Amino acid sequence: MTCGASINLRYPGSRYNFQLDMKPSGTSSSVSASSKLPDRVVIFDTTLRDGEQAPGCSMTTPEKLRLARKLEELGVDVMEAGFPIASEGDFEAVRAVSREVSTKVAALARATSKDIERAAEALANAKVPSRIHTFIATSDIHLRYKLKKSRQQVLDEAVAAVRLARKYVEDVEFSAEDGARTDPAYLIEVATAVVDAGASTVNIPDTVGYSVPDEFATIIRQVVEALNGRGIVSVHCHDDLGLSVANSLAAVQAGARQIECTINGIGERAGNCSLEEVVMAMKVRADRLPFTTGIRTESLYPTSQLLSSVIAFGPQPNKAIVGRNAFAHEAGIHQDGYLKERTTYEIIEPKTVGVPESKLVLGKHSGRHALKSRCEELGLVLSKEGLDEVYERFSVMADRKKGLLDEEIVALVREVAAKASPTQAA
Ligand code: KIV
Ligand code: ZN
């Protein structure tokens, strides 16, 4: 069984001179912190659990292992490897991943003893101290229609679940499912009770992706204030309204210090908060979002690519950070500006996220400057007249096609050269 401190994060270099030590003493974690919260945000990856639950995303244990190694390379703080009670496969995957990686592994469990015992069994031989993540819904809509339980019953079960989980591991996370639609006063009551029972992380999910940023930030701020430094407040946002990243960032600004997210934003329905987007927003806009993570951003694209090769689909072409077109420029004005100075149209250098290079897609919106530059890259030197001729023919072709490949450009230049000087070209 695992042992040691549930969370022990230090931020000696923080500009707020912050130090946070959560000791696993007694039933609650003790925290010593200055009045400011740390600027380090814990990245909890749930690609292998929430992500894997989505249609087309199921993974075998060897596939989860490959991804787990990549997530470790990426530098996530916690990886949720599965829901052990859900199936034999999930149990095996959690067991295999937790045995192999040196990153903290979390296993999901409903707030029942059977689930928690199964999760503990799957984590029993973990290489490093692991986490049990237990949850129960707290919104009235879930209590009335799904659980058919009173608020008091749910509160009691949440507390009992955390107490039981703490018998197996030092690090217990509690999630108030549908937290964003829960009566805030009751949410605070539950959050306080589970921390008293020994949870070191309290997660507030926007399970159905219903919240909007200012509203979600208000909920999170209230929970953070009520806990007063006892435990880390986490968020888990779904993307049903396309707001999961915005909601997660608003929550961090309100005091949350763990974000649950997935590679490529995969997950139930419209998916979860995208890891690459939320991490890069904090990196690129550190002026407005002064928070740090342990993510090695150059591994973002390779991790996204690996995930796409394992599941049934890749990210949409225009997906931020990792989509095929995220660093492609086609409009002539953009290409011209980009060629003069990259930052005119690019806020991230592709290599920062592990993308080999920016692409100038030569299509119908491209200008002469971009065509000339691509020809030069391909080793084709053109006279002014040659470029005029090639550009004219290129424009006709580009109008019909989605974009021209390098081979097609080479063929075009050869044709024009052959026409201009038949003997030389032959
Ligand atoms: O969306 C959700 O509420 C969840 C919980 C189990 C954390 O996935
Ligand atoms: Zn979820």
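Being on the phi > 0 side of the Ramachandran plot and touching a residue at least 12 places away in the same chain (Cβ under 8 Å) is true for just one of I263, I321, I259. Which residue is that?
I321
For (1) away from ligand 2 (no atom under 16 Å from the Cβ); (2) among the aromatic types (F, W, Y), each residue gets a yes or a no:
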position: S113; (1), (2): yes, no
position: E121; (1), (2): yes, no
position: A126; (1), (2): yes, no
position: S130; (1), (2): yes, no
position: F135; (1), (2): no, yes
position: K146; (1), (2): no, no
position: D156; (1), (2): yes, no
position: R163; (1), (2): yes, no
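If you go through segment 315-324 one residue at a time, do you hit one that is part of a helix (DSSP H, G or I) and either assigned by TED's automatic domain parsing to the domain that holds T47 or crowded, with 19+ Cβ neighbours inside 10 Å (or both)?
no
Give the residues of segment 195-209 that are within 19 Å of the chain's Cα centre (by Cα) and part of a loop (DSSP other than H, G, I, E, B), sorted by residue number.
T207, V208, G209
Could you tell me whether any residue of segment 348-362 is more than 15 Å from F327 (Cα to Cα), at pLDDT 80 or above and within 39 Å of the chain's Cα centre (by Cα)?
Step one: list which residues in segment 348-362 are more than 15 Å from F327 (Cα to Cα), which gives none.
Checking segment 348-362: not a single residue is more than 15 Å from F327 (Cα to Cα), at pLDDT 80 or above and within 39 Å of the chain's Cα centre (by Cα).
Within segment 299-314, track down each residue that is within 13 Å of the chain's Cα centre (by Cα) and either surrounded by 22 or more Cβ atoms within 10 Å (Cβ to Cβ) or not in a helix (DSSP H, G or I) (or both).
Once the filter is applied, which keeps residues that are within 13 Å of the chain's Cα centre (by Cα) and either surrounded by 22 or more Cβ atoms within 10 Å (Cβ to Cβ) or not in a helix (DSSP H, G or I) (or both), segment 299-314 yields L300, T303, S304, L307.
Looking at segment 158-184, which of the residues that are farther than 30 Å from L241 by Cβ and not aliphatic (A, V, I, L, M) is surrounded by the fewest Cβ atoms within 10 Å (Cβ to Cβ)?
K167
Can you tell me which residue is nearest to M59 (Cα to Cα) among those in segment 245-272 that are polar (S, T, N, Q) and within 10 Å of ligand 2 (Cβ to nearest atom)? Steps first, answer last, please.
Within segment 245-272, the first condition is being polar (S, T, N, Q), and the residues that meet it are 247-248, 253, 258, 262, 264, 272.
Subsequent filtering for residues that are within 10 Å of ligand 2 (Cβ to nearest atom) retains 262, 272.
On the way: T262: 14, N272: 17 Å.
Among those residues, the one meeting the criterion is T262.
Would you pick out the residues in segment 325-344 that are crowded, with 18+ Cβ neighbours inside 10 Å, under 27 Å from the mean Cα position of the chain (by Cα) and in a loop (DSSP other than H, G, I, E, B)?
A326, F327
Please determine, by comparing only the residues of segment 210-236 that are within 16 Å of ligand 2 (Cβ to nearest atom) and part of a loop (DSSP other than H, G, I, E, B), which one is surrounded by the fewest Cβ atoms within 10 Å (Cβ to Cβ).
So the first thing to find is which residues in segment 210-236 are within 16 Å of ligand 2 (Cβ to nearest atom), and the list is 210-211, 216, 234-236.
If we keep only those that are part of a loop (DSSP other than H, G, I, E, B) too, we end up with 210-211.
On the way: Y210: 17, S211: 30.
The residue in question is Y210.
Give me the helices (runs of 4 or more DSSP H) completely within segment 50-155, filtered to those with at least 2 residues that are buried (at least 21 other Cβ atoms within 10 Å of the Cβ), away from ligand 1 (no atom under 16 Å from the Cβ) and under 18 Å from the mean Cα position of the chain (by Cα), ordered by residue number.
61-74
Looking only at segment 400-418, decide whether some residue is in a helix (DSSP H, G or I), modelled with pLDDT under 85 and either of a type outside the set (D, E, K, R) or on the phi > 0 side of the Ramachandran plot (or both).
Checked against the condition, which is being in a helix (DSSP H, G or I), modelled with pLDDT under 85 and either of a type outside the set (D, E, K, R) or on the phi > 0 side of the Ramachandran plot (or both), segment 400-418 yields at least one hit.
Between N228, N203, which is in the same structural domain as R99 (by TED's automatic domain parsing) and at positive phi?
N228
Given the criterion buried (at least 24 other Cβ atoms within 10 Å of the Cβ), away from ligand 1 (no atom under 16 Å from the Cβ) and closer than 21 Å to E80 by Cβ, identify the matching residue among N272, N247, N264.
N264
The values are calculated or read from the model by the stated rules, or taken from the named source; none is laboratory data. This is a predicted model, so every value here is computed, not measured. Positions of Cβ are backbone-derived with ideal geometry, glycine not excepted, and every protein chain shown enters the neighbour counts.
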